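The values are calculated or read from the model by the stated rules, or taken from the named source; none is laboratory data. This one's a predicted model, so the numbers in the text were calculated from it and none came from an experiment. Neighbour counts run over all protein chains shown; Cβ positions are idealised from the backbone, glycine included. Please note that ligands, DNA and RNA were not included when accessible areas were found on the heavy atoms of the full protein model with its side chains. Shrake-Rupley method; radii C 1.70, N 1.55, O 1.52, S 1.80 Å.
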Amino acid sequence: MADLRTRYLGMELRSPLVASSSPLTGGLDGLRRLEAAGAGAVVLPSLFEEELAEPRPGPGPADRAGYGAGPEAYLSLVAKAREALEVPVVASLNGVSRGGWVGYATRLAEAGADAIELNVYYVSSRPGLSGSDVEWHYLDVVRAVRRATGVPLAVKLSPYFSSMANMAGQLVEAGADGLVLFNRFYQPDLDIEAMEVVPALELSSSVELRLPLRWIAILHRRHRVSLAASTGVHTATDVVKVLLAGADVAMMTSALLRNGPDHLRLLEVQVRDWMDRHGFETVEQLRGRLSQRSVPDPAAFERANYIKTLASHPPSGTRGFA
Ligand SMILES: Cc1cc2nc3c(=O)[nH]c(=O)nc-3n(C[C@H](O)[C@H](O)[C@H](O)COP(=O)(O)O)c2cc1C
């Protein structure tokens, strides 16, 4: 039977299927179900900088953490999850500024987190702030968290950088052991009857996989860093694609919220089946087989195929091009 073991952030995982940060991972019950269904690791919901700036007095609710439940509830979940699960438990910090909150990384590690995922959720809307100022900001936060703790550190990034490969290298220099590509920003919508801005959270679909797929293929083996695919992994085909592009793990949230933790069982069977049919015994053998460095036409991941792709669109029955 195909061996699904992989390495991520220096840890050995039994499978590349990882449950990313979401309400599903915010309680012991969900975490146990994810582990039982085959998750190779779990990422807890984020502890937000805003919660750490004004901690609530006293312990929060005992059985859930994340989304405003407060730091004490979070630390308690980290400790309980570490005790209850065999698989690595990744704690998640979400913030933008380099404040005292980054010191929480130490407490998360002490509570038992095997690694920390840092989500720098930052939407730059100030015209005076340059791209390099924003990059500096990211790097500053990463360096501060790196200084606070020695546990493996992954950085969950937005896809909006002008020079992603360069930024990836700088993040590695700043201390990132892994990059999670990508964070998915929630775009607010407008309610035209109420004349209001409304929050809109929609789950992803496999079509959105293309963005992480391209960047994982480009970044594979460019830097000494683990790569996690996040956004648009739903099916076993998606999992195989990100591994072929060069990812160390395939992270999922929308697929698990939609189908429940047991979806992992199905994916595992189907990924193994694909590996058997294609003669791969280990994940290592197939990882990066279709990365930019490995394919005969590396330009396929860049601009060169642009004209060909547009020209290949069938003109009949479509608007605009005919
Ligand atoms: C309801 C919900 C809650 C989420 N909470 C967090 C969070 O606390 N921290 C975080 O880094 N990402 C969070 N995410 C983002 C997911 O971890 C993931 O990166 C994103 O949904 C894209 O992956 P997917 O296509 O598999 O859903 C959340 C996503 C959803 C849908």
* Structure fact -> Its Cα gyration tensor gives segment 17-169 an equivalent ellipsoid whose semi-axes in whole Å, largest first, are 27, 18, 13
* **5 angstrom amide H check on ASP189, placed H, neighbours 5+ away** => VAL198, ALA200
* Structure fact -> Sorted largest first, the Cα spans of segment 219-322 on the principal axes come out in Å as 46, 34, 27
* Structure fact -> With +1 at each Lys and Arg Cβ and -1 at each Asp and Glu Cβ, the charge dipole magnitude of segment 194-286 around its Cα centre, to the nearest 20 debye, comes out at 360
* Show that you can apply the helix-only estimate: for the chain, add -39,500 (n - 2.57) for every DSSP H stretch of four or more residues, divide by all residues, and state [θ] at 222 nm to the nearest 500. => -10500 deg cm²/dmol
* Evaluate the charge dipole of the chain about its Cα centre and quote only its size in Debye, nearest 20, assuming +1 on the Cβ of each Lys and Arg and -1 on the Cβ of each Asp and Glu. => 960
* Structure fact -> P(r) of segment 174-225 over all Cα-Cα pairs, 10 Å bins starting at 0, rounded to whole percent, reads 19, 34, 24, 16, 7, 0
* Of PRO298, PRO152, PRO199, the one that fluctuates the most in a GNM where the chain has Cα springs shorter than 10 Å -> PRO199
* Scan the chain and note any complete DSSP helix (H) whose C-alpha atoms cover at least 20 Å along its axis and whose Kyte-Doolittle average is -0.5 or more. => 131-148
* SER132, SER125, ranked by accessible area, largest first (probe 1.4 Å) -> SER125, SER132
* Structure fact -> Taking TYR67, TYR138, TYR121 and ranking on accessible area (1.4 Å, protein atoms only), highest first, one gets TYR67, TYR121, TYR138
* Backbone N under 14 Å from the GLU110 label point (7 Å along Cα→Cβ), restricted to segment 130-171 -> 148-150
* Asked: Which residue fluctuates the most in the chain, going by a Gaussian network model with Cα springs under 10 Å, if the choices are VAL242, VAL180, VAL96?
  -> VAL96
* Which listed residue (SER205, VAL142, ALA2) has the Cα farthest towards the positive end of the charge dipole for the chain, taking +1 on Lys and Arg C-beta and -1 on Asp and Glu C-beta about the Cα centre? -> ALA2
* Determine one quarter of the surface area of the Cα convex hull of the chain, which equals its mean projected area, and express it in nm² to one decimal. => 19.7
* Most mobile of GLU83, GLU72, GLU12 per a Gaussian network model of the chain (Cα springs, under 10 Å)? -> GLU83
* Asked: Could you name the aspartates and glutamates in cross-link range of LYS241, using Cα to Cα under 15 Å and dropping any fewer than eight places away on the same chain?
  -> GLU208, GLU268, ASP273, GLU284
